[in-house]
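The values are calculated or read from the model by the stated rules, or taken from the named source; none is laboratory data. Small disclaimer: the values here were computed from a predicted structure and weren't measured. Cβ placement follows ideal geometry from the backbone for every residue including glycine, while neighbour counts extend to all protein chains displayed. When the accessible area is computed, the model is the full protein with side chains, heavy atoms only, and any ligands, DNA or RNA have been set aside. Shrake-Rupley method; radii C 1.70, N 1.55, O 1.52, S 1.80 Å.
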Amino acid sequence: MPSRRQIFEARQRRRANLIAAGSTGAVLLALIVLVPLAPGWEAVQRSFFNGAVFAKTFPGLLNAFLMDIAIFAWCAPIIAALGLAVAVARDLRTPALYPVKLLAIIYTDVFRGLPVILVIYLIGFGIPGLGLPRPWNSPYIWGSLALVLVYAAYVAEVIRSGIESIHDSQRAAALSLGLSSSDAMRFVILPQAIRRVVPANMNLFIALQKDVALLSFIGPVEIFRQAGVYKSLLANFTPYVGAALVFLAITIPATRYADHLMNRQRKARS
Amino acid sequence: MPTLVLNNVQKSFGTNPVLQGIDLTVTGGQMICLIGASGSGKSTLLRCMNLLEPIDDGTITLDGVDISEPGYDPQPVRQRIGMVFQSYNLFPHMTALDNALLAPRRVHGTSRTELEPKVAELFARFGLADRMHHYPDQLSGGQQQRVAIVRALAMKPQIMLFDEITSALDPELVGEVLDVLRQLRTEGMTMVLATHEMGFARELADTVCFLDRGRILESGSPEQLFGTPEQERTRAFLSRVL
Amino acid sequence: MKLMTMTALACGFAGAAFAQNDCATGKTLTEGTFTVATGNPAFFPWVLDDAPESGKGFESAVAYAVAAEMGFDPDQVTWVRTSFDQSIQPGAKDFDVNLQQFSITPERAQVVDFSAPYYSSAMAVLTTKAVVDGGANATVTSLKSLLWGADANTTAVPMLMDLIDPDKQPMMYGDNVDVTAAMQAGQIDAALFDLPTALYLSAVVVNDGVVLGQFPPERSENPDQFGMLLEKDNPLTACVNAALTTLTETGKLAEIEAEWLQATTGVPVIE
């Protein structure tokens, strides 16, 4: 037998759900009915939501997306390693290693301050332009390096914020046991810090998956460029919509998962 | 038996003097209780003895060696002087056992298989045999603090420093932690405690020191300090807490 | 097929008795003004010094000639800049005509109007001296093994696949400048351009640039023909076609081509 309170709350919940469903339905209906009434709708539909073009180009887009995945797959571990190294370098307290710390600070400031595409252009065309022989002048190498440099700077900052969020008492406890500073960092601070920033880093890696498309500016034909080629050939933007769908299929679940992790952490800490 | 001697130890945080000339001798097998109001410098004094805080002036010698000299490597000192904190400070990402194994494994390079039985024995001795494989957040405050003590003991220190280790505990959990200290006392461990447990200090301490504004205002046997305190400020403090 | 009809229709207009400027009346974006779009930037030799207002450069000159045929004074011509994407997106355009080497294709013609062609281009292979020294020559077999690049927005991409079908996947870039940057960096061996662009890039932009060979338009089943781009079903298209027809028939167009586009006969034909 539910209590009076439970009955009341169940009724409230039903009411709230009903209102939410009703208003959502109304908005959807308005979109479905009103948008096609817009004078340019037919042209927009032909240009952006063209079924024939979609069917013709989507397999090619999926194929090109393998390139995005490959670039992501080799960049991500390097970014994680470099970001970690830079974060630790920024936390160095030994005076003799100050130059390393300074370098780490300058590095994070510079690469977080530059648009990704700019770094890709400068490094992707600039360094090979110095006259490197093949295959060492490949845009895959230098474009990936550009992504790595930019994203490792962000990851380093996120990890550093994680390190700083670990209370100094943890460090004190580790040192009081006779552990060295570096052991305290490695076994006590970092494992906790990294765990704490997993959701934030996941968001960065989702952003990376999208920014891989920027490598297309220096040559690699990944999904964004492939969509551009189709667009140019067919004078139709539908391939871009197809590419967007492919990105969303990856990024929405990943984002939801990161949010879920973040919520769980927030609950665990409160 | 170790001897730790503090001579005119001074420490400021910015312009705020926290320790203003502390003289204290800790000899082997002794138990010294530091009492005094919050902010009187008890915690800072313990942290200085463990070299977690560098001192500004004065000396600290361990068996005749000046360990307070700037640049002196604190690591070997800390291996000999263990410390337990008010807020336990267990490593939350490790089981109780791993908390206790980390330092001996890293510092002494002893293998896990060799260490584990010895450390397990420590856990058993303090009633934690069935809690070894739990994570800190699965333990009560009293259990966590006992694990923290085991963790410090696993390094086989010669001196143990306890910084108000029962202050964060619910009243009903204080007893189990004090029992651990009693046990250590019987085993002859050299201990320095900052504490608010006056009854406990009276019962077990060899020497009780009353700290006031960064100075040891008065010290002596428990009978003397609690029974016939000489200083007005000591009397005022005791009348507030007893 | 559609193009033919349009041209025929345009001829009909041109032959009519009324003055040509009447054709454009009420059909331009702004009455009394002929708004012409070019690229940003506009490249040599199509527009000189990125200044289409000067009338210098092939496309700039063609635009003014067409304008004149339609009854616009040079000062009635205004220029705007658009990207390729802007010119094919649905919705109202901010230009009357757009010329930036747009190749006429049936797919594009479903979305926008094209005028009659004002230029038929050969496709040409731009490369560097180093690659030629490395043994590349003007045969399809030799070209197949090179590492190719192309401007992704151009018909050079399908041409490359049709004519050469390289062994390795070609690199694609957003514009000429990036293609040449990649060539300069040694990341690609060769790139396919329309011949005038290739000649310009080899002479001015790429160090030790070489135009290795060309695929003449008359030899191709789908020659690359440039047309002016207009909004879909724009009534002005007929007027523009009429003007272009006149220019072609009077030989004016050929004169303009001779003035601004280098003779291409010196470039070897790829077998």
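Quick notes
- Taken one residue at a time, the phi angles of the stretch A:192-198 give Karplus couplings (6.51, -1.76, 1.60, θ = phi - 60°) of 6, 4, 5, 4, 5, 9, 4 Hz. Gly and Pro are set to x.
- Rounded percent of accessible protein surface that carbon and sulfur make up, chain B, 1.4 Å probe: 46
- Rounded accessible area per residue of the stretch C:123-219, 1.4 Å, Å²: 35
- In the A-C interface, the accessible area buried, summed over both sides, Å² (probe 1.4 Å): 2300
- Since only A:A85, A:G162, A:I223 are under comparison, the one whose Cα sits farthest along the positive direction of the charge dipole of the stretch A:85-240, derived from C-beta charges on Lys, Arg, Asp and Glu, is A:I223.
- Carbon + sulfur, % of accessible area of chain A - ligands and nucleic acids excluded, 1.4 Å: 70
- The stretch A:22-74 and the stretch C:223-256 have their alpha-carbon centroids 35 Å apart.
- Formal net charge of residues neighbouring C:W46 (Cβ-Cβ distance under 12 Å; K, R +1; D, E -1): -4
- Shape summary of chain C, radius of gyration then Dmax from alpha carbon positions: 18.9, 62 Å.
- Fluctuation leader among A:A258, A:A174, A:A38 - chain A, Gaussian network, Cα springs under 10 angstrom: A:A38
- Helix-only mean residue ellipticity at 222 nm for the protein assembly as shown, each DSSP H run of n ≥ 4 adding -39500 (n - 2.57), per residue, nearest 500: -15500 deg cm²/dmol
- The local environment of B:L139, defined by Cβ-Cβ distances under 14 Å, has a net charge of -2 under the rule Lys, Arg +1 and Asp, Glu -1.
- In the stretch B:82-97, comparing the full protein assembly with the chain on its own, the residues that lose 50 Å² or more of accessible surface at a 1.4 Å probe are B:N89, B:F91, B:H93.
- Interface between chains B and A: roughly 1600 Å² of accessible area buried, both sides summed (probe 1.4 Å, protein heavy atoms only).
- Note: relative contact order over chain A, using C-alpha pairs below 8 Å and six or more positions apart, is 27 percent.
- Cα-based shape type of the stretch A:122-264, given that a ≥ b ≥ c are square roots of the gyration tensor eigenvalues and the cut on a/c is 1.5: oblate
- The distance from the alpha carbon centre of the stretch A:120-170 to that of the stretch B:142-204 is 50 Å, rounded to a whole number.
- For C:K129, no lysines have a Cα falling under 17 Å of its own Cα, not counting residues fewer than eight places away in the same chain.
- Size of chain A as Cα extents on the principal axes (Å, biggest first): 76, 72, 26
- The fraction of all Cα pairs in the protein assembly as shown landing in successive 20 Å bins from 0 to the largest distance is 13, 30, 22, 18, 14, 4, 0, given as whole percents.
- Within the listed set C:K168, C:K144, C:K93, the Gaussian network model of chain C (springs between alpha-carbon atoms below 10 Å) gives the highest mean-square fluctuation for C:K168.
- Short-range pairs are left out: with C-alpha atoms under 8 Å and at least six residues apart, the relative contact order of chain B is 27 percent.
- Legend: residues in the stretch A:143-187 shielded by at least 40 square angstrom of accessible surface upon adding the remaining protein chains to the isolated chain (1.4 Å probe, heavy atoms) are A:Q170, A:A172, A:A173, A:L175, A:S176, A:L177, A:G178, A:L179, A:F187.
- Alpha-carbon Debye profile of the stretch C:68-135, log10 I(q)/I(0) at 0.16 Å⁻¹: -0.76
- Cα principal axis extents for the stretch A:164-226, largest first, Å: 59, 19, 13
- 5 angstrom amide H check on A:N50, placed H, neighbours 5+ away: A:T238
- Positive minus negative residues near B:D73 (Lys, Arg vs Asp, Glu; Cβ under 13 Å): 0
- For the stretch C:123-219, relative contact order (Cα pairs under 8 Å, six or more residues apart, normalised by length) works out to 46 percent.
- Computed over the alpha-carbon atoms, chain B gives an Rg to Rh ratio of 0.97, Rh here being the Kirkwood radius from the mean inverse distance.
- Computed over the stretch C:88-240, the percent of Cα pairs more than 28 Å apart is 25.
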